[in-house]
Amino acid sequence: MAISVVMPALEMAQETGRLLAWRKKEGDRVTKGEPLLEIETDKAVVEIEAPADGILAGVKSLQGAVVPVGETIAWIVAPGEQPPTAPAIPTVSARTTIVQSSPSPVASRPLALPHGPGPRISPKARRLAKEQGVDISRLSGSGPDSTITTEDILAAAKSQATQGSLAPPTVPNVKGLSSVTRLMAERTAQSWTTVPHFFVARDVDASALVEAHQESLVEVEKTRSVRPSLTDFLVLLAARILEKHDSMNSSWTAEGIQLHPEVNVSVAIAVSGGVVAPVIHKANIAKLAEITARRQSLAERARAGRLHPSDIMGGTFTISNLGMYKVDSFMALITPPQAAVLAVGAITDRVVPVNGKPGIRPMMTLTLSSDHRVVDGARAASFLNDVAEAIGEPAKWLR
């Protein structure tokens with residue numbers, strides 16, 4: 001029986017997806033679970049896996065097409081079977097994996113499907129051409145059906161470099177954007193222009209937090225368990241405090257303010273070409289070791305470009321920690337539809353008043369960005385004050 005490949009819905013309110021590239025061409029044999037195509041949503045580039053074994057047939061949508069969610073874009077059929085002419089065949093949901101700026105190795109296979117005006121070129125070669133500044137309209141492909149390959153792009157780039165050493169460049173050196181970079185740029189622009197941000201900041205004595213972190217590292221050496229980071233402590237503390245501040249754990253919608261029943265903390269992670277924010281779900285009821293294990297697994301998959309759709313969906317609050325980069329303080333942009341993000345600076349020794357006298361304490365600056373449609377100044381200040389108090393007494397929340 002033929003199985004349809006459809007445009008999946010990966011996000012709330014998603015209506016369409018853009019087909020970036022096919023990994024297989026019509027007539028190819030495919031195996032269930034292997035990469036079949038890439039699509040682009042508002043949040044990421046997503047790799048779609050084949051939903052069944054068989055032959056790829058009846059391809060209806062080509063590279064660059066914007067397809068409504070749920071629409072059939074191709075079929076997986078048995079050898080010798082013809083694809084249906086009407087959508088009367090059951091649909092099997094395809095498995096998906098989030099990819100970053102680097103495609104899977106199978107993407108180097110030339111794409112032989114027709115793709116509209118312009119030369120034939122594989123998706124990987126097209127991305128490489130943008131990065132290297134190679135004009136593909138001037139190239140002749142060496143692959144099947146004159147498809148331009150990565151080897152053609154590298155040869156052209158080498159030739160340009162040699163010519164460039166003899167004469168000044170005639171075009172500007174514009175760096176191509178990865179999908180992650182471009183999507184991050186679009187979403188931050190959307191956030192800044194549509195969400196009314198306001199900011200509150202607080203300097204916090206981190207002595208107790210540093211001590212609790214050091215004690216946890218000693219315990220790790222004894223038990224050989226995972227090593228928690230300061231970010232893990234902050235995720236736990238913020239998640240516990242969010243239980244008391246439902247307005248901070250909400251979203252602005254056309255119908256009004258939506259309160260979220262779960263506390264799902266997104267953690268900003270730097271990856272090649274940008275930043276992603278995978279989600280630690282139900283962080284308010286997780287223990288420190290569970291948060292650490294989840295965060296480490298998410299970070300590893302994020303940097304390898306292997307996040308799953310569920311890893312980036314459902315976040316209700318974000319923590320962005322730049323302390324490891326020696327940043328004292330900063331203001332982060334909210335990720336819609338969330339209502340707030342907590343920006344964390346470095347812990348540094350500062351001279352502060354201690355019992356009426358100058359003293360040195362490890363201090364950190366927290367800056368809370370809030371959506372003024374959802375949260376007012378008093379509520380934001382109250383939440384930040386509770387977070388500061390929890391940092392001053394972390395042992396109370398670690399039980």
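Every number in this text was worked out from the coordinates using simple rules, so none of it is lab data. Here the structure is a predicted model, which means the values were calculated and not measured. Counting neighbours? That spans all protein chains shown, and the Cβs are built from the backbone with ideal geometry, glycine included.
Below is a table of values for the structure above.
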quantity	calculated
Lysines with Cα under 20 Å of residue 124, excluding same-chain neighbours fewer than 8 positions away	24, 25, 158, 175
J(HN,Hα) series, segment 339-344, from Karplus relation 6.51 cos²θ - 1.76 cosθ + 1.60, nearest Hz, glycine and proline x	9, 7, 9, 9, 9, 10
Three-way shape label, segment 181-398, alpha-carbon gyration tensor, a/c 1.5	oblate
Net charge, residue 346 excluded, C-beta distance under 13 Å - Lys, Arg +1, Asp, Glu -1	-1
Relative packing of peptides 268-274, 313-319 - highest average C-beta neighbours within 10 Å first	313-319, 268-274
Pairs beyond 25 Å (Cα-Cα), from 326/396; 244/282; 222/287; 32/130; 326/357; 357/396	326/396; 32/130; 326/357; 357/396
Inter-label distance for residue 218 and residue 71, nm, one decimal - labels placed 7 Å from Cα along Cα-to-Cβ	6.3
Cα→Cβ-extended label distance, 7 Å offset, between residue 303 and residue 189, nm	3.0
Built amide H within the under 5 Å cut-off of residue 266, gap 5+	280, 316, 317, 318, 319
Highest to lowest packing among 65-78, 276-289, scored as the average C-beta count within 10 Å	276-289, 65-78
